[in-house]
Amino acid sequence: MLEARSAVMNLHTYRPPLAGRQGLRLDFNESTVGCSPRVLARLRALDAEALARYPEREPVEAVAAGFLGLDPAQVLLTNGVDEAIHLLCSTYLDPGDEAIIVVPTFAMYALFAQAEGARVVELSAGKDFAFPLAEVLARIGQRTRLIAVANPNNPTGTVVAQDVLLQIACAAPHAAVLVDEAYFEFHGETILHHSTRPANLFVARTFSKAYGLAGLRIGTLAGDAAQMAMVRRGASPYNVNAVALAALPEALRDQEYVSRYVAEVQSGRDLLERELRTLGLCYWPSRANFILVRIGAARVQFIQSLRVRGILVRDRHTDSGCEGCVRLTVGSEEHTRTLIDALREVVQKLREHGEVKA
Ligand SMILES: Cc1ncc(COP(=O)(O)O)c(C=O)c1O
């Protein structure tokens, strides 16, 4: 039998639970209302000629760079942030190098780093998922070539201060430091424009969340122009398809649509946190479009009871430090109210049966 590289053979298969997702999707932190109607109109106007051509990324890259206030040489459009992570790993990691991550966090950092044959150093977050800066600084060594931080973090919704991220990047000039800002819009703070952003610091953004374009697979990676030239070498010239490239400029132009949705998510997040407090459930205050809640031993019944009511949420029990936890995506105001109504019923029922502590 033809054998794959040992680094690949050692990977665990990562299969997100995508099957049977009928209902209100509060399980993958997607937008619950979808993209701007102006984006849909643009897509409907595509013709056979647009699809027959190989996609030209650069003009749209220039638009994205302009939107981010950067030079096009500093920006790469990617097939989602997933590809940005993959490219960073293949650009900077040799077998035996080390990648530092703080867990719990987004699964793809470890997966793509391991695929390169790198050793993933997992450091546990502190109490209430506090970022363990001292441990990270202490663990940086000669072989550290990647440090990835989701900010806000998934699945916790917690954030890391910018000076902490800069401190890490300065302490590891020989490592690529990825600040994954997939949930930037819901947080509102970015390290992208920091005046002292070092050359080894990269920022990733996605259009899968606030922009409602997860199905198109488009994101950006931004960084120092010389470093980005290296990352670009390993990317396919056609990594982003023509449909996604056609959609992006219109999506960026309709900021009013995105801002309105983000405002709904932010007020829904407050509403949901208040409700969780009223219900006496343990949760972690979030700066993203989701909230992590500790349900405890009844989490499987909890998830199932919501599913019966047409609401999908994500089990995070197996993530480090997340025993008994479930992640709830915050969607539009209407969808958050639907979730809250269902939560009241489900928690009351589980309490009547003694499944959830009062
Ligand atoms: C922190 C983080 N980064 C990246 C992604 C994936 O983004 P994309 O859809 O652009 O690949 C996710 C998706 O859940 C995420 O939570």
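The values are calculated or read from the model by the stated rules, or taken from the named source; none is laboratory data. Everything numeric in this text was worked out from a predicted model, so none of it was measured. Cβ coordinates were reconstructed from backbone atoms using ideal geometry, including for glycine residues, and neighbour counts include every protein chain displayed. Accessible surface is based on the protein model in full, side chains and every heavy atom, while ligands, DNA and RNA are left aside. Shrake-Rupley method; radii C 1.70, N 1.55, O 1.52, S 1.80 Å.
Considering only residues in segment 42-58 that are touching a residue at least 40 places away in the same chain (Cβ under 8 Å) and in a helix (DSSP H, G or I), the one that is most open to solvent (accessible area, probe 1.4 Å) turns out to be 51.
Beta carbons closer than 7 Å, at least 6 apart along the sequence or on distinct chains, pair a first residue in segment 93-107 that is under 16 Å from residue 130 (Cα atoms) with a second that is within 12 Å of the ligand (Cβ to nearest atom) and among the hydroxyl-bearing types (Ser, Thr, Tyr) for 101/109; 104/156. For segment 308-358, the set of residues classified as in contact with a strand residue (DSSP E or B) (Cβ under 8 Å, 6 or more places away or on another chain), open to solvent by 30 Å² or more (accessible area, probe 1.4 Å) and in a helix (DSSP H, G or I) consists of 335, 338, listed by residue number. Checking the structure you have, find out if any residue of segment 121-141 is away from the ligand (no atom under 16 Å from the Cβ), under 17 Å from residue 7 (Cα atoms) and surrounded by fewer than 22 Cβ atoms within 10 Å (Cβ to Cβ). Yes, that holds for at least one residue.
Results for (1) in contact with a Ser or Thr (Cβ under 8 Å, 6 or more places away or on another chain); (2) of a type in the set (S, T, N, Q), shown as yes or no for each residue.
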| residue | (1), (2) |
| --- | --- |
| 83 | no, no |
| 90 | no, yes |
| 95 | no, no |
| 102 | yes, no |
| 120 | no, no |
| 158 | yes, yes |
| 164 | no, no |
| 175 | yes, no |
| 187 | no, no |
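When you scan segment 156-168, do you find a residue that is part of a loop (DSSP other than H, G, I, E, B), among the aliphatic types (A, V, I, L, M) and buried (at least 23 other Cβ atoms within 10 Å of the Cβ), even just one? Within segment 156-168, not a single residue is part of a loop (DSSP other than H, G, I, E, B), among the aliphatic types (A, V, I, L, M) and buried (at least 23 other Cβ atoms within 10 Å of the Cβ). The residue of segment 210-225 that is surrounded by the most Cβ atoms within 10 Å (Cβ to Cβ), among those that are near the ligand (Cβ under 10 Å from one of its atoms) and of a type in the set (A, V, I, L, M), is 218.
Determine whether segment 272-284 contains at least one residue that is within 30 Å of residue 41 (Cβ to Cβ), open to solvent by 60 Å² or more (accessible area, probe 1.4 Å) and not aliphatic (A, V, I, L, M).
As a first pass, look at segment 272-284 and keep what is within 30 Å of residue 41 (Cβ to Cβ): none.
The answer is no; no qualifying residue exists.
The set of residues from segment 68-111 being open to solvent by 30 Å² or more (accessible area, probe 1.4 Å), within 15 Å of the ligand (Cβ to nearest atom) and part of a helix (DSSP H, G or I) comprises 82, 83, 86, 111.
Please work out if residue 193 is touching a residue at least 24 places away in the same chain (Cβ under 8 Å), open to solvent by 50 Å² or more (accessible area, probe 1.4 Å) and out of contact with any helix residue (DSSP H, G or I) (no Cβ under 7 Å at 6 or more places or on another chain). Considered against the rule, which asks whether it is touching a residue at least 24 places away in the same chain (Cβ under 8 Å), open to solvent by 50 Å² or more (accessible area, probe 1.4 Å) and out of contact with any helix residue (DSSP H, G or I) (no Cβ under 7 Å at 6 or more places or on another chain), residue 193 comes out as yes. Scanning segment 26-41 for residues being away from the ligand (no atom under 16 Å from the Cβ) and open to solvent by 30 Å² or more (accessible area, probe 1.4 Å) gives a total of 5.
For segment 208-292, which helices (runs of 4 or more DSSP H) that fit wholly inside it have 1 or more residues that are in contact with a Ser or Thr (Cβ under 9 Å, 6 or more places away or on another chain), of a type in the set (Val, Ile, Thr) and within 20 Å of residue 331 (Cβ to Cβ)?
Numbers: elements: 225-233, 242-253, 255-278.
By residue number, 255-278.
The set of residues in segment 177-209 that are over 27 Å from residue 143 (Cβ atoms), of a type in the set (Phe, Trp, Tyr) and more than 11 Å from the ligand (Cβ to nearest atom) contains only 186. Whenever a residue of segment 125-142 is under 16 Å from residue 285 (Cβ atoms), its partners that are open to solvent by less than 70 Å² (accessible area, probe 1.4 Å) and of a type in the set (Phe, Trp, Tyr), lying with C-beta atoms within less than 7 angstrom and at least six residues away or across chains, give the pairs 125/131; 128/284; 129/284. Consider residue 38 carefully, then state whether it is touching a residue at least 24 places away in the same chain (Cβ under 8 Å), farther than 30 Å from residue 116 by Cβ, not in a helix (DSSP H, G or I) and not β-branched (Val, Ile, Thr). So residue 38 does not fit the description; no.
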